[in-house]
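The values are calculated or read from the model by the stated rules, or taken from the named source; none is laboratory data. The structure presented is a predicted model; accordingly, all values stated were derived computationally and were not measured. Using ideal geometry, Cβ is built from the backbone for each residue, glycine included, and neighbour counts are taken over all protein chains shown.
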Amino acid sequence: MSSGPVLYDVAGPAERRRSRIISVVLTVVVLAAAAVAVSRLAANGVFDDRWRVLWDVPMNFAGYETKHVWQAVFRGLGATLLAAVIALPLAAVLAVVLVSLRTSHLLPVRWLAIGVIEVCRGLPVVLMMFFAILVIPGSTPLMAVVFGLVMYNAAVFAEILRAGIAALPRGQTEAAESLGMGPALTYRDVQLPQAVRMMLPSLIAQGVVLVKDSSLGYIVSYAELLRSISRVADALTNASYLLPLLTVGAAVYVTLNVLLSRLAVWAQRRSGRRRRAPVVVGTPTVEV
């Protein structure tokens with residue numbers, strides 16, 4: 001007998017056959033649309049010699065600081081990953097602090113945390129990067145990018161964790177209190193760990209947003225991937241080279257985001273297996 005409510009009926013043979021037909025039709029339509037788009041681009045001369053820049057550098061590129069396009073791409077990718085690697089753990093730690101203050105029983109502390117979260121969520125990331133350059137003494141473009149990413153994503157992480165805490169069954173808190181655990185100990189050992197585990201896919205998805213938002217460092221002169229590609233295009237002094245370079249940048253961003261998305265799926269499945277793991281209780285032995 002099922003232990004929970006039935007949310008949907010199992011599809012029968014006719015429904016499965018209909019789903020397969022719809023999937024095949026949609027796949028054919030998408031492939032046809034892609035073929036039409038490629039043919040139109042080819043007719044407009046998009047697939048010409050401009051793509052040779054990816055493996056054959058023109059002579060006027062010799063004066064640039066790197067001697068190959070891919071060197072600039074990998075340098076920009078390294079700068080993007082550096083900003084993301086620094087900002088992500090800092091945003092996670094600040095989010096834990098904010099959500100802890102957000103759930104405090106002291107009204108002034110709670111209102112202060114709410115104000116910080118709402119301000120950081122409401123301001124654009126670029127504006128916070130500019131604030132860092134104007135307010136923080138001796139700030140560098142990397143510091144400005146990290147500051148903007150940390151403040152915005154910490155507020156979003158905090159709201160995700162708060163939603164996870166609110167979704168926990170009330171009985172767990174009551175059980176912890178019945179064992180003599182105070183509010184702080186209950187929050188630290190019961191509520192917060194389960195909220196992190198429950199909302200881990202959403203947290204990783206927001207991490208994908210953090211990686212993409214690092215491209216906004218272009219505006220504050222941070223040499224991330226997008227700015228490196230733009231500088232290469234400027235050094236080549238030919239606007240037609242911008243399309244293949246931007247295509248490479250788009251492929252890099254898509255690859256990073258797909259990898260992080262797969263990480264979120266893996267984390268969700270692993271967390272689900274842990275929750276469903278049976279508890280093996282040993283059979284006591286009786287001495288005769």
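Brief remarks follow.
- Among residues of segment 231-271, those that are surrounded by 14 or more Cβ atoms within 10 Å (Cβ to Cβ) and of a type in the set (Lys, Arg), counted: 1
- Considering residues of segment 163-183 that are under 28 Å from the mean Cα position of the chain (by Cα) and outside any loop (DSSP other than H, G, I, E, B) only, the residue farthest from PRO89 (Cα to Cα): ALA166
- So SER215, is it touching a Phe, Trp or Tyr at 6+ places or on another chain (Cβ under 8 Å) and either part of a helix (DSSP H, G or I) or of a type in the set (Gly, Ala, Ser) (or both): yes
- Of the criteria (1) part of a helix (DSSP H, G or I); (2) modelled with pLDDT of 80 or more; (3) among the aliphatic types (A, V, I, L, M); (4) farther than 23 Å from GLY164 by Cβ, which one ALA205 fails: (4)
- From the list LEU216, LEU185, the lone residue that is in contact (Cβ under 8 Å) with a residue 40 or more places away in the chain and hydrophobic (A, V, I, L, M, F, W, C) is LEU216.
- Boolean, ALA132 is assigned to a helix (DSSP H, G or I), small (Gly, Ala, Ser) and surrounded by 14 or more Cβ atoms within 10 Å (Cβ to Cβ): yes
- Scope segment 198-231; condition β-branched (Val, Ile, Thr) and under 18 Å from PRO141 (Cβ atoms); matching residues: VAL211, ILE219, VAL220, ILE229
- Filtered by the rule that a residue be surrounded by 16 or more Cβ atoms within 10 Å (Cβ to Cβ) and in contact (Cβ under 8 Å) with a residue 40 or more places away in the chain, segment 220-230 gives VAL220, TYR222, ALA223, GLU224, LEU225, LEU226, ARG227, SER228, ILE229.
Rundown of residues vs (1) part of a helix (DSSP H, G or I); (2) of a type outside the set (S, T, N, Q); (3) modelled with pLDDT of 85 or more, yes/no style:
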{"position": "LEU185", "(1), (2), (3)": "yes, yes, no"}
{"position": "GLN194", "(1), (2), (3)": "yes, no, no"}
{"position": "LEU243", "(1), (2), (3)": "yes, yes, no"}
{"position": "VAL252", "(1), (2), (3)": "yes, yes, yes"}
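- Looking only at residues in segment 63-118 that are of a type in the set (Gly, Ala, Ser) and either in contact with a strand residue (DSSP E or B) (Cβ under 9 Å, 6 or more places away or on another chain) or outside any helix (DSSP H, G or I) (or both), the one that is surrounded by the most Cβ atoms within 10 Å (Cβ to Cβ) is SER104.
- Residue match in segment 59-71 (condition: in contact with a Gly (Cβ under 9 Å, 6 or more places away or on another chain) and either closer than 30 Å to LEU161 by Cα or not charged (D, E, K, R) (or both)): no
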